[in-house]
Amino acid sequence: MNSLLAFLSPLLPFLASLVFLVIFLEQISYLKKKRSVPGPPLVLPFVGNAIPLVRNPARFWEIQASLAKSSGHGFSVNYIAGNFIVFIRDTELSHKIFANVHSDAMNLVGHPFGKKLFGEDNLIYMLGQKHKDLRRRIAPNFTTKALSTYTALQQIIILKHLKIWDQKSSESSPKPIPLRFLARDLNLETSQMVFVGPYLGEEIRENFRTDYNLFNVGLMKLPIDLPGTGFRNARLAVDRLVEVLADCAKQSKAKMKREEEPSCLIDFWMQDTVKELEEAAAAGLPEPVHTSNFELGLYLFDFLFAAQDASTSSLLWAVSLLDSHPDVVAKVREEVQSIWSPESDSLISSEQLAEMKYTQAVAREVVRYRAPATVVPHVAAANFPLTESYIIPKGAIVFPSAYESCQQGFVEPEQFDPERFSEERQEDRIFKRNFLAFGAGSHQCVGQRYALNHLVLFIAMFCTLLDFKRHRSDGCDEIAFNPTICPKDDCMVSICRRCPRFPNLSLQ
């Protein structure tokens, strides 16, 4: 040891100088990219502001939005773990990013460290014709017939979990119960049933839930890919989830070859895919692109990721906002009662769902008021002219803020007001460009009708079947990231059944 110290001692001044030089060059690089744009004047070496981002993401993005707004630029900058970032608050600048997703401009990444978690071949990262072809193949998943099949499955699962919530609340009384994990379980089972329901056994479902929780935890960790870390556990969990989903695709292909009726999303997808595969085989051609079981497993995981956490966020905010707006609850109950009765023991039909105009407005306002995917990360594939005076440097991570856009333009946007989506006011049309909760451009959420249907059904059934009381505390409705936004206290409520009995719903 002494000999090692004796050897290193003469080198210490040189090593210290080298470290100082690297830090100095890092600061110069940051300031050169920053220019006159609002953002921290200096940043911590190497990590930048990664620690504040991980520790309190809501506060971090609030500061970035405040800088972007107060400066008049409409955007601000920062430095995170070696990455220069640009946060965009201005709606038109966000549209500019969404409209320029291609190889020599902006690349959608979905998560700052997403490629390390999802792999590089997922739908999120596709560009150009390859992306267009896959979107075309996905289209049959969201036809009117397909959505009708899904709404039936959604209601069965929602009812099952509302019964569980009622029971848990009764057992916990007078203490309230936190809804975050219960809502997550509801959405995860809904996604499983709608996407690949018939192909998952009970044991696989349990493992599926465990792995998805590991993935969720990893989303909030720094990308330290070492054994035992949350990030490594998440990456391995994704591999296992994709493997399970790939096997579901294989089973669905076999079912569709037998020309059976589709009963879930992957079946609707495989109807045309099986025909293409058979035609290619008959002609002696290789399998068409986007049809291997592994690829399909990756795409199904993308759907799961997109549907799961965003819907959990919306369900929680719906409960919180409904509780604080009893007049809205009364109107929802009045509308639903005029269209559907729990005592009928019948599912809400697609036609009845379409009649629930006010409940639909409530759902859209929940999504606008608390846009679940607050920012949508992109990476600049080349120097990108954002404004006449500022060019985003190549390699920067760019965050158009759907949340901030949804808080602009609308009449009194800081107010929760479902009437803004009424036929009389039509703010959804007047301020359409501000409503970026589902993104825009070529990567706009393909399943937004499915997501809104799910939220409408939940609100209709939750208000009709249950009485509920939110247990409010200081800061309970402050925003927390898990990884999408939810109330800080995990939405603590007490629940009890309000209808004479729960309906007896079935797919028959």
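The values are calculated or read from the model by the stated rules, or taken from the named source; none is laboratory data. The structure displayed is predicted, hence computed values, not measured ones. Don't worry about glycine lacking a Cβ; one is built from the backbone with ideal geometry, like all the others, and counts go over all protein chains shown. We work out accessible area using only protein heavy atoms, side chains counted, and drop any ligands, DNA or RNA first. Shrake-Rupley method; radii C 1.70, N 1.55, O 1.52, S 1.80 Å.
Here are a few things to note about the model shown:
- Rounded to the nearest 10 degrees, the angle from helix 357-369 to the longest Cα principal axis of the chain is 10 degrees.
- Fraction of beta bridges assigned by DSSP in the chain that are antiparallel (%, nearest 5): 85
- Under 14 Å, Cβ to Cβ, from Phe231 - net charge with Lys/Arg +1 and Asp/Glu -1: +3
- Think of region 22-167 as having a plus end and a minus end, set by charges on the Cβ of Lys, Arg, Asp and Glu; of Phe24, Val37, Leu147, Leu147 sits farthest toward the positive end of this dipole.
- Overall form of the chain per C-alpha gyration tensor (a/c, 1.5; a/b vs b/c): prolate
- Alpha-carbon centroids, region 487-508 and region 243-317: separation in whole Å: 32
- Fraction of accessible area attributable to carbon and sulfur, region 294-352 (%, probe 1.4 Å): 56
- Computed 3J(HN,Hα) for region 289-298, one whole-Hz value per residue from the Karplus formula 6.51 cos²θ - 1.76 cosθ + 1.60 where θ = phi - 60°, is 5, 6, 10, 6, 4, 5, 4, 4, x, 4, glycine and proline marked x.
- Accessible area per residue (1.4 Å probe, heavy atoms of protein chains only) ranks Val217, Val238 as Val217, Val238, with the largest value leading.
- For the peptides 185-196, 162-173, the ranking by packing is 185-196, 162-173, with the highest mean count of neighbouring Cβ atoms within 10 Å listed first.
- Selected from Gln352, Tyr212, Ile397, residue furthest toward positive end of dipole (the chain; charges at beta carbon): Ile397
- For the chain, the longest principal axis of the Cα atoms and the long axis of helix 128-138 meet at an angle of about 20 degrees.
- Given +1 at the Cβ of Lys and Arg, -1 at the Cβ of Asp and Glu and no other charges, the dipole of the chain around its Cα centre is 1040 debye to the nearest 20.
- Amide H to amide H, with H built 1.01 Å from N, Ala480 comes under 5 Å of Cys486, Lys488, counting only residues 5 or more places away or on other chains.
- Spatial separation of Cα centroids for region 426-465 and region 359-373, in angstrom: 6
- Note on Glu261 and Lys32: the model spin-label points, each 7 Å out from Cα along the C-beta direction, lie 6.6 nm apart.
- Prolate/oblate/rounded call for region 302-353, Cα gyration tensor, a/c under 1.5 rounded: oblate
- Listed residues Phe458, Val362, Ala373: farthest to the positive end of the dipole of the chain (Cβ charges): Ala373
- Surrounding net charge for Leu505, when Lys and Arg each add one and Asp and Glu each subtract one, Cβ distance under 13 Å: +1
- Axis of helix 180-196 versus longest Cα principal axis of the chain: the two differ by about 70°, to the nearest ten degrees.
- Taking every protein chain into account, the accessible area of the chain amounts to 46 square angstrom per residue (probe 1.4 Å).
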